[in-house]
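This report concerns only the one structure given below.
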Amino acid sequence: VQLQASGGGLVQAGGSLRLSCAASGRILSINRMGWYRQAPGKQRELVALITSGGSTNYAYSVKGRFTISRDNAKNTVYLQMNSLKPEDTAVYYCNAYIIVGIGDDYWGQGTLVTVSS
């Protein structure tokens, strides 16, 4: 099983980016999917989660600006990021709890988001 993230880049403050992360392999089902981020010198933190049923949870710092969604048919999770701030600069990692016989956590390779002031 692999998670392939894409969509990072350089954007000015106030701009938008959309991250995508597709899971591939011999997948039976995917439970929760989410995005985490790690800024330089800081610990990795949760950004947003979405369950298989579509329930969402967001970090307080991104509520109202970021939207997580998923396409179950494509095994893909998205993160729409609007009104970006310099403090959103980080490497963003996708995560999914995937059932392949037994369930386990899988991580994508990370995609860099840089927000300039």
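The values are calculated or read from the model by the stated rules, or taken from the named source; none is laboratory data. All values derive from a computational prediction rather than experimental measurement. As a convention, Cβ positions derive from the backbone with ideal geometry for all residues, glycine included, and neighbour counts pool all protein chains shown. These accessible areas exclude ligands, DNA and RNA; they are computed on the full protein's heavy atoms, side chains included. Shrake-Rupley method; radii C 1.70, N 1.55, O 1.52, S 1.80 Å.
Mind checking which residues of segment 8-39 are under 22 Å from S52 (Cβ atoms) and outside any strand (DSSP E or B)? Talk me through it step by step, then tell me what you get.
First, pick out the residues of segment 8-39 that are under 22 Å from S52 (Cβ atoms): 18-36.
Across segment 8-39, the qualifying residues are G25, R26, I27, L28.
Going through R37, R44 one at a time, which residue ends up being of a type in the set (K, R) and either open to solvent by 70 Å² or more (accessible area, probe 1.4 Å) or in contact with a helix residue (DSSP H, G or I) (Cβ under 7 Å, 6 or more places away or on another chain) (or both)? Talk me through it step by step, then tell me what you get.
Working: R37 fails: either open to solvent by 70 Å² or more (accessible area, probe 1.4 Å) or in contact with a helix residue (DSSP H, G or I) (Cβ under 7 Å, 6 or more places away or on another chain) (or both).
Criteria check complete, one pass: R44.
Residues checked against (1) modelled with pLDDT of 95 or more; (2) under 19 Å from D105 (Cα atoms):
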| residue | (1), (2) |
| --- | --- |
| A23 | yes, yes |
| S29 | no, yes |
| K42 | yes, no |
| I50 | yes, yes |
| K63 | yes, no |
- Note on the structure: Subset of segment 64-74, residues open to solvent by 50 Å² or more (accessible area, probe 1.4 Å) and either touching a helix residue (DSSP H, G or I) at 6+ places or on another chain (Cβ under 7 Å) or outside any strand (DSSP E or B) (or both), comes to G64, N72, A73, K74
- Message: Every residue in segment 98-117 that is under 13 Å from the mean Cα position of the chain (by Cα) and at pLDDT 95 or above, please.
- Response: Y106, W107, G108, T111, L112, V113
